[in-house]
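One structure is given here, and the rest of the page talks about it.
The values are calculated or read from the model by the stated rules, or taken from the named source; none is laboratory data. What you see is a predicted model, and the numbers here were worked out from it, not measured in a lab. As a convention, Cβ positions derive from the backbone with ideal geometry for all residues, glycine included, and neighbour counts pool all protein chains shown.
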Amino acid sequence: MMNETEVQTDTPVIEVNHVGTRFGTAVVHEDVSLTIYPGEVFAIAGGNGSGKSTLLREIVGLQLPASGTIRLFGKDSARLGEGNAQDIYRRFGVMFQQGGLFSSLTLAENVAIPLKEHTNLQPELIREIVALKIASVGLPMDSATKYPSELSGGMRRRAALARAIVMDPELLFLDEPTAGLDPIIAAGFDELVLQLKGLLGLTVVMITHDLDTLWRVADRVAVLGNGKVLGIGTMLELAELSDPIIYEYLHGPRGRAAQSQYGT
Amino acid sequence: MIEHSPSVEARICIIGDSMIQCEGSWTISNLAALDHVLHTFHWPVVSELVWDTMKITAMDTGGAVLLHRTLTKLRNEGRRVSVQGLRPDFGELLQMVSSNWSRIDAVKASKSRALSQFEQWVSQKVRQTVTAMAFVGECTVEVFRAITNPSLIRWRAMFHSLELDGFLALPITGLLAFLMGVVIAYQGAEQLQRFGANIFVVDLVGISFLREIGPLIVAILVAGRSGSAYAAEFGTMKVTEEFDAIRTLGLSPIQLLVLPRVCGLVIAVPLLTVYADVLGVFGGALVAFNRLDLSLTEFLSRFEEWVALRHFLIGIGKAPFFAMIIAVVGCYQGFQIRGNVDDVGLRTTISVVQSIFLVIVFDAMCSIVFSWWNI
């Protein structure tokens, strides 16, 4: 686990300042602020529709907030595509909820895309790095030549992770990494994230409402609700808070089970 | 740990006889240059090499791959290679690479052979033919079920299809037919004028339009408008699991979705053909009046006298078959989509190309048969 005070002295990787988001008349974020530091596994939690995925899309510049600013590596997220865009884009990887794999390409080709587009490495070396990444996310090698439609949901998720980390980014975004996976594979995924973090020194920002993952993997957690950050801190700190939504979130029957397993 | 500034280059040099010194940041941005250096490096001809990696300041997976690959190559050449001074975290990375290396080799070796590609191609074609025939068979069964039990016919869906594929196609079909009539008459007028055979423009436009061009124009338009829409629509429904829902509710997707569209088109296309015939011939008459001084009355009386009814009937008679081909091909291609995004685009394209192809083949066969029968 990260030492809080030591982490805080670093310059933040992500700063979200008073972000507000509206879809028509529906308010998704009223006022959301949070700061993420290098080297930590930061989880954004919250119920369905609390705007977790929207916040992630705003951080990586896919969507513009109605108000407030977001800085990614000190650069305004709304302007990521301007200037030396490639330098920013190769510093982070995103694993989307549905994988976002290109269905016309095989798994290996999918994983190779960032290398092919952003570097001038020899094909031989690209193949080796790609194969290594495929192996390191725990996919069997014979799946490398398969197309995304031929893979199971869990394999697609792993393949998307392999593509997200193929450039060894500093920052990795995971959108619901364990949703829809069976408990064994989900637990394996948690271990994988921890292992990669240890090996590559990643900063990980994950969106999840998997309580096991929150207890097992996350250094700090922000709980979104009612358009605001309801609470932010380690899981143990959050468990102490009296906010009714957080309390219900963490102390429901599933929350208690997860806490008794990891939270002691 | 991972340094991303490309200014710190990755370097390698020889110190003394057998010491290789590595420096700098062995990260992806520097790898291309480093890879080139390593490939062309003259390794000292000694049996034991020591790699000093103390000065490597940053390393990522790519760097570890390159280091491991080079070390393995040197070891395979019979040298003893040892590594010293590697930072523990880089050591872990290298360990991860080497423990996965055997699996990498397996991938590189498995390339598909030409023969197996041919086998796949053949088996794929055979499978396609079988599924296409199964689909047509299933449709036929459903048609007979609907005939024996008319309450199964989905009237609402059929009228919806009639509106969407028939009524809403009127403007574009009319415009195109009119323009085709104009074009044919214009081209004909040039030639006929030279022989003073102006009046034959009526036969030219009338027969060619009623018999061939009218139905074909409509069929091609409908294939582009409706056949492709069926494929794309069904494909998307497949992706959103609507087909599975229909089946598990005990309903037949063919009866629910395919038959109304086939019936709708079978009614709409002949009607559209009549409409296209009228506008096409009108276009021809307009040009005849303009270019060949043939009044509308003259045109129509000649038309009545010389353009036999059978031409109209043959054209109209082909239209329902065209409609069936287009609807069945479009629906079939839509059914073949397997929850895959680029499949939707591919199948939509195939549905248009295939239905137009089949329509023209069918038309050609009709021409041959009719010429045997002298009609």
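Can you tell me which condition A:Glu109 does not meet? The list is (1) within 12 Å of another protein chain (Cβ to nearest Cβ); (2) more than 19 Å from A:Leu174 (Cα to Cα); (3) not basic (Lys, Arg), and all the others hold.
All conditions pass for A:Glu109, except number (1).
Looking at the structure I just gave you, is B:Leu279 within 28 Å of B:Leu192 (Cα to Cα), touching a Phe, Trp or Tyr at 6+ places or on another chain (Cβ under 8 Å) and among the hydrophobic types (A, V, I, L, M, F, W, C)?
So B:Leu279 passes the test.
When the stretch A:122-131 is examined, which residues are found to be buried (at least 24 other Cβ atoms within 10 Å of the Cβ) and without any contact (Cβ under 8 Å) to a residue 12 or more places away in the chain?
A:Glu128, the sole residue that qualifies.
Can you name the residue in the stretch A:202-252 that is closer than 28 Å to A:Leu161 by Cα and hydroxyl-bearing (Ser, Thr, Tyr) and, of all such residues, is modelled with the highest pLDDT?
By that ranking, first place goes to A:Thr203.
Return the residue satisfying two criteria in turn: it lies in the stretch A:142-188 and is more than 20 Å from A:Leu202 (Cβ to Cβ) and among the charged types (D, E, K, R), and of such residues it is surrounded by the most Cβ atoms within 10 Å (Cβ to Cβ).
Step by step, filter the stretch A:142-188, then rank; the result is A:Arg156.
Between B:Ala285, B:Ala268, which is within 30 Å of B:Gly137 (Cβ to Cβ) and part of a helix (DSSP H, G or I)?
That would be B:Ala268, the only listed residue that is within 30 Å of B:Gly137 (Cβ to Cβ) and part of a helix (DSSP H, G or I).
Could you please let me know if B:Val46 is in a loop (DSSP other than H, G, I, E, B) and either over 53 Å from the mean Cα position of the chain (by Cα) or at pLDDT below 85 (or both)?
yes
For the stretch B:125-148, does any single residue satisfy the condition of being modelled with pLDDT of 85 or more, exposed (fewer than 12 other Cβ atoms within 10 Å of the Cβ) and either within 14 Å of chain A (Cβ to nearest Cβ) or not in a helix (DSSP H, G or I) (or both)?
The answer is no, given that none of the residues of the stretch B:125-148 is modelled with pLDDT of 85 or more, exposed (fewer than 12 other Cβ atoms within 10 Å of the Cβ) and either within 14 Å of chain A (Cβ to nearest Cβ) or not in a helix (DSSP H, G or I) (or both).
Being more than 19 Å from B:Leu49 (Cα to Cα) and small (Gly, Ala, Ser) is the filter here, so list the residues in the stretch B:12-35 that pass it.
Passing the criteria: B:Gly24, B:Ser25, B:Ser29, B:Ala32, B:Ala33.
Could you please find all residues in the stretch A:106-120 being surrounded by 15 or more Cβ atoms within 10 Å (Cβ to Cβ) and modelled with pLDDT under 85?
Selection gives A:His118, A:Thr119.
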